[in-house]
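Okay, structure first, notes after.
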Amino acid sequence: MDEYAKLKSLLLSEEQQRIETLEKDLASVLEESRDSQKIVEKISPLISSIFSQTLKNSQKEFIPIFSPLISLAIREQVRNEKDEIVDALYPVMGNMISKFVAESFKDILAEINSKVQSTFSMEALSRKIRAKIQGISEAELLLKDSSKLYKIQNIFLIHKESGILISERSLKGKEAIEPDMVASMLTAIKSFANDWISQNSDYLELNEIEFGNYKISLEVAGCCYIATVIQGESNKKVHHAVNKTLEYFVQKYSSDISNFQGDTSLLNLDDINQHLESILFLNNDQEIADTQVKSTLSLWILFSLVLIIVGYFSFNMYQKNSIEKLIQTSIYQNPQLNIYNLQAEVHWNTLLLKGRLPANSLHKKLLELVNTQKGDLELEDNIVISQTILTQEEILLLSKTIIDTYNYMDGNQILYSFNHGTLKLSGIIRNKELHKKLIQQLSKINNIDKIISSLDDTFTLRTLEIYFKVAEVVLTEQNKLQLDIWLDDNRVKENFKLYKNINLLIIGYSDARGNLLHNVTYATQRADAIYTYLKSKGIAQDNMQAIGAPIPPSDIRKRKENNGRLVQIKWLKNDN
Amino acid sequence: MITKKIILIGDFSTGKTSLIRQFVDNQFSDEYLTTIGVKISKKIINIQEDLEIQLLVWDIEGQTDVKAINPAYVMGAHGVIIVADLTRQKSIVNIKEHLALSSKIIKNAPVIIALNKSDLLDNSSKIETTITEIKSSYSNISHIYPTSAKTGLNVELIFQNITKSILKI
């Protein structure tokens, strides 16, 4: 070892040692750095902390770095593990979708309900008719009409050639971004489609562009077109409104729009906008409410009108009917007319008289009666005066009318029957004179060939009086003989059979001298004696009534022969 | 506000789209509109202190042998900018055809010719010659400008001038 080496080892031994250690360490580090597994082992525990630290400090920088990776990863994952992704997302997406669908249906239902509830409206009526015509259910039609199914968001009026926007209207909050560009773009797309699809025809036009749930409907006229952006289903209502508006623009502003050079100040934009807005507000609730109010109002007016007309006619009818009833009643109440089948009918403002009368005099009577009651109605007299053959019923009716008037008089009990042209009369009539008059009247009735009358005009139903001596109550032989003659002469028993409505009233009297009680007893006993005797002669108890009068009437009391000691037998006519 | 439709036509790859990109910030989806052969951009320019004009610029896809320009895109245009590539003689020759097409469809619309990619030519005398040649060939052209979408040379100017020509000021 030379001196230099010695010195070196003396001076640098410590450094040498350090270098050796460092070399060793370096070698091992180098070795580790080549061994990826070892690197992984070392870094792995740190990665999560590195990420969390870095993300915490500079989140914003990482988002753009990772975003593409995430979408790629998701796409890859969906491709490889479709089912798992579906399962993982199902609880979230499923709920979300069902909530959305439920909400949408709720809206639609609410709207349909409100439409259904307004049943009495012209709209509902027309819907019912349309449903019938189209052969679909009303609900389906309602669903189609439901404005929840469409919403017009934007509406553009565009110059057809240049594609320059003339005007644009949008729903609040749905304003179009860059409407001018949209107008140009739509025009370009329209031109492209037209050029591509219909090279050989100038008449075909692009009508609709669909984009997801949106539709852009294009309604094209010669100089301009209207583009409507609709969310949901386009329908005829919208289509019709757009058409009408476009028609209006073309009629009114055709030359202005044709010469349009991009300067909107030369157009009547206020009017144009107003018309565009009217389309836009087709789906506006306020508008719908307004029209409902309007239609309800017009309905009420219509309803009231109908009510007034119906009321007027009903009142008129009622008035005419009461006149009709009044005249009919007076005819029925008139004994000369009620036997004929006469009819009084009111038609509008005419009183129609129908029926048949046998004599002019009766006809005159009828007209007199009617004229006093018909008011301002015009009279149409269709009464036929005819002597034609009367039917059995008519003859009976006529006879009855006459006979009834006689029977109404006291002392007449006339019975009748009509068969084969013969009228048979029986019963009692007050006297010969009356009997003659009756036969005369009846013989005036047409078609009665013969009248056979067995009417008794001698029966007078006169009161019989039986006299008693002082304090006597028993019938003498003379009394009995008197009664026997009376019974025989008046055919009392037969009369009772014939006339159900007559009875005998036996009233006993006294001379009213002395004790009142005694006198009543005498009167009653005298009446009873006659009652008993008549009963023994076969007069039914039901046809007799015996009473004792306590004080005789003055005219009886004054009689000289027996001073009121008598019994009167009176014919009593029952009113019932 | 007054709106005017400007169309840019010319051979393919003459730099129409780049010119517009240089001119406007506001653009519509390139991807979509090239499909139908037109790209629409909007720019509001101040012609005078109190006169703002909105330009809707229709960048019509360059004509190739296979695909002709859809005449509907040209219709209703208020001004025409025909773009040619100074480095490709054919595109300059074809100006004639573009001019014929536009004048056939639209009457009385001013036409400006943009000779693009002027930055690629270091020989300015060639540009002058070309401009002179075109001017002598076509009488009804408002202006001819060398332009560069890359450096922005005359880009603003051509749009300004076409608008002024439209408004006749």
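The values are calculated or read from the model by the stated rules, or taken from the named source; none is laboratory data. If you're wondering where the values come from, they're calculated on a predicted model, not measured in any experiment. No Cβ is skipped: glycine too gets one built from the backbone with ideal geometry, and neighbour counts run over all protein chains shown. When the accessible area is computed, the model is the full protein with side chains, heavy atoms only, and any ligands, DNA or RNA have been set aside. Shrake-Rupley method; radii C 1.70, N 1.55, O 1.52, S 1.80 Å.
Taking the condition modelled with pLDDT under 80, open to solvent by 60 Å² or more (accessible area, probe 1.4 Å) and under 30 Å from A:LEU425 (Cα atoms), does A:LYS497 pass?
Criteria met by A:LYS497.
Report, by residue number, each residue of the stretch A:500-520 that is open to solvent by 10 Å² or more (accessible area, probe 1.4 Å) and either closer than 10 Å to A:PRO550 by Cβ or assigned to a loop (DSSP other than H, G, I, E, B) (or both).
Selection gives A:LYS500, A:ASN501, A:TYR509, A:ASP511, A:ALA512, A:ARG513, A:GLY514, A:ASN515, A:LEU516, A:LEU517, A:VAL520.
Just the residues that are modelled with pLDDT under 85 and exposed (fewer than 13 other Cβ atoms within 10 Å of the Cβ), please, taken from the stretch A:420-430. Lay out the reasoning, then the answer.
Kept after step one, since they are modelled with pLDDT under 85, are these residues of the stretch A:420-430: A:420-421, A:427-430.
Result: A:HIS420, A:GLY421.
Of everything in the stretch A:445-462 that's part of a loop (DSSP other than H, G, I, E, B), open to solvent by less than 70 Å² (accessible area, probe 1.4 Å) and more than 12 Å from A:GLY427 (Cα to Cα), which residue is modelled with the lowest pLDDT?
Looking at residues that are part of a loop (DSSP other than H, G, I, E, B), open to solvent by less than 70 Å² (accessible area, probe 1.4 Å) and more than 12 Å from A:GLY427 (Cα to Cα), I get A:LEU461.
Which members of the stretch B:1-15 meet the condition of being within 14 Å of another protein chain (Cβ to nearest Cβ) and assigned to a loop (DSSP other than H, G, I, E, B)?
B:MET1
Does any residue in the stretch A:462-490 that is in contact (Cβ under 8 Å) with a residue 12 or more places away in the chain come within less than 6 Å, Cβ to Cβ, of a residue that is among the β-branched types (Val, Ile, Thr) and not in a helix (DSSP H, G or I) six or more places away or on a different chain, and which pairs are these?
Here the result reads A:LEU464/A:ILE569; A:ILE466/A:VAL567; A:ASN479/A:ILE466, each pair linking the stretch A:462-490 to a residue that is among the β-branched types (Val, Ile, Thr) and not in a helix (DSSP H, G or I).
May I ask you to say which residue of B:ALA114, B:ALA72, B:ALA109 is within 14 Å of B:ILE6 (Cα to Cα), touching a His at 6+ places or on another chain (Cβ under 7 Å) and not aromatic (Phe, Trp, Tyr)?
B:ALA109
Based on this model, can you work out whether A:GLY564 counts as at positive phi and open to solvent by less than 50 Å² (accessible area, probe 1.4 Å)?
Spelling it out, A:GLY564 is indeed at positive phi and open to solvent by less than 50 Å² (accessible area, probe 1.4 Å).
Do we have any residue at all in the stretch A:465-485 that's open to solvent by 40 Å² or more (accessible area, probe 1.4 Å), hydroxyl-bearing (Ser, Thr, Tyr), modelled with pLDDT of 80 or more and assigned to a helix (DSSP H, G or I)?
Scanning the stretch A:465-485, I find no residue that is open to solvent by 40 Å² or more (accessible area, probe 1.4 Å), hydroxyl-bearing (Ser, Thr, Tyr), modelled with pLDDT of 80 or more and assigned to a helix (DSSP H, G or I), so the answer is no.
With the requirement that a residue be open to solvent by 60 Å² or more (accessible area, probe 1.4 Å) and out of contact with any helix residue (DSSP H, G or I) (no Cβ under 7 Å at 6 or more places or on another chain), what does the stretch A:93-109 give you?
If the condition is that a residue be open to solvent by 60 Å² or more (accessible area, probe 1.4 Å) and out of contact with any helix residue (DSSP H, G or I) (no Cβ under 7 Å at 6 or more places or on another chain), then A:MET93, A:ASN95, A:MET96, A:ILE97, A:SER98, A:LYS99, A:PHE100, A:VAL101, A:GLU103, A:PHE105, A:LYS106, A:LEU109 are the ones that fit.
Table: residues versus (1) at pLDDT below 85; (2) crowded, with 17+ Cβ neighbours inside 10 Å; (3) away from every other protein chain (no Cβ under 14 Å).
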| residue | (1), (2), (3) |
| --- | --- |
| A:ALA176 | yes, yes, no |
| A:ASP180 | no, yes, no |
| A:ILE189 | no, yes, no |
| A:GLN199 | yes, no, no |
| A:GLY212 | yes, no, yes |
| A:ILE216 | no, yes, yes |
| A:ASN235 | yes, no, yes |
| A:ALA241 | no, yes, yes |
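Applying the selection to the stretch B:46-70, what residues are within 16 Å of the chain's Cα centre (by Cα) and either more than 17 Å from A:THR187 (Cα to Cα) or at pLDDT 85 or above (or both)?
B:LEU55, B:LEU56, B:VAL57, B:TRP58, B:ASP59, B:ILE60, B:GLY62, B:GLN63
Kindly provide the set of residues from the stretch A:373-417 that are open to solvent by 70 Å² or more (accessible area, probe 1.4 Å) and acidic (Asp, Glu), ordered by number.
Of everything in the stretch A:373-417, those that are open to solvent by 70 Å² or more (accessible area, probe 1.4 Å) and acidic (Asp, Glu) turn out to be A:ASP376, A:GLU378, A:GLU380, A:GLU393, A:ASP410.
Just checking, how many residues over the stretch A:334-374 are outside any loop (DSSP other than H, G, I, E, B), charged (D, E, K, R) and within 41 Å of the chain's Cα centre (by Cα)?
2
Within the stretch B:66-101, track down each residue that is surrounded by fewer than 20 Cβ atoms within 10 Å (Cβ to Cβ), among the small types (Gly, Ala, Ser) and either under 24 Å from B:GLY152 (Cα atoms) or more than 13 Å from chain A (Cβ to nearest Cβ) (or both).
Selection gives B:ALA100 alone.
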